[in-house]
Amino acid sequence: MTKTDWQQINPKHLLLQRIHEKGGWVNSHTHIDRSYIINWKNWDKIGDPLHIKWDHPDEFKSKVSVDTIVGHMTQVIENQLEQGVQAIGSFIDCDSIVKDKNLKAADIIKARFKGQIEIKFIHQPIKGLMDETERKWFEEAASFVDIIGGLPERDSKIKIGVDRKAEHLDILFTTAKKHGKPLHVHVDQYNDPAQRDTELLADKTKEYGYKSMVSAVHSISLAAQPKDYREKVYKKLVEQDITVIACPSAWIDSRRNEILAPSHNSVTPLDEMIPAGVRVALGTDDIADIYKPYSDGDMWTELRFLLEATHTYDMDVLADIATTNGRKALFLD
Ligand SMILES: [Zn+2]
């Protein structure tokens with residue numbers, strides 16, 4: 001039987017083939033320490049705002065055993081291997097609640113899956129960096145993790161009443177330099193033009209002489225800025241060789257509000273970043289937790305969201321985002 005025109009092209013099939021030829025998917029951003037923790041007891045907390053949700057997994061974190069964490073992490077890695085994921089970068093909490101249990105679990109996971117998948121662990125300072133006890137846990141994690149991780153919004157006005165984001169970044173850069181490790185920083189998550197944290201991250205990268213050592217996670221609020229500002233920030237990202245990691249399904253749920261901004265989708269502005277020369281990679285972000293209970297960690301779902309939301313149909317561009325750009329984002333090459 002002769003193939004139809006569509007069967008000869010079948011864009012999804014072709015794109016998946018290209019991704020496979022390039023070594024497989026790279027999931028550049030997730031949080032595997034809290035994957036699969038959704039249950040009927042915490043289900044009603046799903047609707048809470050993000051800055052409240054940050055503290056919800058505390059009950060789980062204080063009681064959980066290293067074995068249970070290893071079980072959850074194993075479930076994610078097996079899920080990713082089934083899809084042909086070659087490398088994954090995951091944030092893990094290390095703080096006064098969970099203590100070093102995630103670090104111990106991470107060690108076991110690395111040994112268990114050695115040779116099957118490349119895993120980079122990144123520290124998530126979910127309790128902020130302004131409290132002395134939490135700072136100690138951050139320091140403890142810094143010598144263990146592969147990449148130093150940051151969450152400046154945790155030390156912002158919305159959470160602690162004063163804006164200490166720049167200070168948070170100063171601590172990240174100083175620590176990263178001290179350990180000679182690269183940095184991943186969550187920035188501009190709220191799709192809000194009042195946020196200018198991608199620019200702040202690029203400026204701090206320059207200030208600390210950390211070019212080519214930083215990846216930005218999300219950079220969505222950038223899409224809500226005026227065009228001349230967006231273009232200025234793209235230039236800074238290129239200058240500092242910063243990879244931006246897009247996790248489309250994680251932020252497509254940006255809430256309706258009355259703030260006026262240029263019309264856009266709540267997604268990393270890939271359509272402008274690629275022509276401007278900014279490197280973009282792909283991540284799932286949360287998998288089956290109180291942030292994203294329905295996420296099953298499917299990489300194709302993320303790529304499909306990204307390409308549709310930004311009108312990006314070039315297969316070479318998309319295959320790079322799903323593979324080689326992810327390797328650069330995780331500093332594997
Ligand atoms: Zn994240």
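No value in this document is a laboratory result; all are computed from the given coordinates. Keep in mind it's a predicted model, so treat the numbers as computed, not measured. When we count neighbours, we look across all protein chains shown, and the Cβ atoms used for this are built from the backbone with ideal geometry, even at glycine.
Quick look at the numbers
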{"quantity": "Mean separation of Cα contacts under 8 Å, 6 or more apart, over the residue count of the chain: relative contact order %", "calculated": "20 percent"}
{"quantity": "Cut-off 13 Å between beta-carbons: net charge of the residues surrounding Lys165, Lys and Arg +1, Asp and Glu -1", "calculated": "-3"}
{"quantity": "Spherically averaged projected area in nm², based on the convex hull that wraps the Cα atoms of the range 210-310", "calculated": "7.0 nm²"}
{"quantity": "Which of Asp289, Asp44 has the fewest Cβ neighbours within 10 Å, and the rest in rising order", "calculated": "Asp44, Asp289"}
{"quantity": "Under-5 Å amide H pairs with His184, H placed in peptide plane, nonlocal only", "calculated": "Ile148, Gly149, Gly150, Ser215"}
{"quantity": "Of Glu258, Glu59, Glu153, the one that fluctuates the most in a GNM where the chain has Cα springs shorter than 10 Å", "calculated": "Glu258"}
{"quantity": "Rounded to whole Hz, the Karplus (6.51, -1.76, 1.60) HN-Hα couplings of the range 301-310, x for glycine and proline", "calculated": "4, 5, 5, 5, 4, 5, 5, 6, 5, 10"}
{"quantity": "Whole-Å distance, taken between Cα centres, linking the range 70-138 and the range 37-57", "calculated": "20 Å"}
{"quantity": "Residue of Ile126, Ile46, Ile290 that the Gaussian network model of the chain assigns the largest fluctuation, springs spanning Cα pairs under 10 Å", "calculated": "Ile46"}
{"quantity": "In sequence order, calculated HN-Hα J values of the range 111-121 (Karplus, 6.51, -1.76, 1.60; Hz; x Gly/Pro)", "calculated": "5, 5, 10, 4, x, 9, 7, 8, 10, 10, 9"}
{"quantity": "Environment charge of Leu307, counting only residues whose C-beta is closer than 13 Å and scoring Lys/Arg +1, Asp/Glu -1", "calculated": "-4"}
{"quantity": "Max mean-square fluctuation residue, GNM over the chain, Cα-Cα springs under 10 Å, options Lys236, Lys292, Lys159", "calculated": "Lys159"}
{"quantity": "Over 18 Å (Cα to Cα) - which of Lys53/Lys127; Lys101/Lys165; Lys61/Lys104; Lys120/Lys159; Lys114/Lys177; Lys127/Lys178 fall in this group", "calculated": "Lys101/Lys165; Lys120/Lys159; Lys114/Lys177; Lys127/Lys178"}
{"quantity": "Cβ-based exposure ranking for Leu81, Leu303, in which fewest neighbours within 10 Å come first", "calculated": "Leu81, Leu303"}
{"quantity": "For the range 132-137, Karplus couplings with θ = phi - 60° (6.51, -1.76, 1.60), whole Hz, Gly/Pro x", "calculated": "4, 4, 5, 4, 5, 5"}
{"quantity": "Peptide ranges 134-143, 181-190 listed from the most packed, as the mean C-beta count within 10 angstrom indicates", "calculated": "181-190, 134-143"}
{"quantity": "Likely footprinting exposure, Leu237, Leu103, fewest C-beta neighbours within 10 Å first", "calculated": "Leu103, Leu237"}
{"quantity": "FRET E, pair Asp48, Glu21, Förster distance 35 Å, beta-carbon r, rounded to 0.05", "calculated": "0.25"}
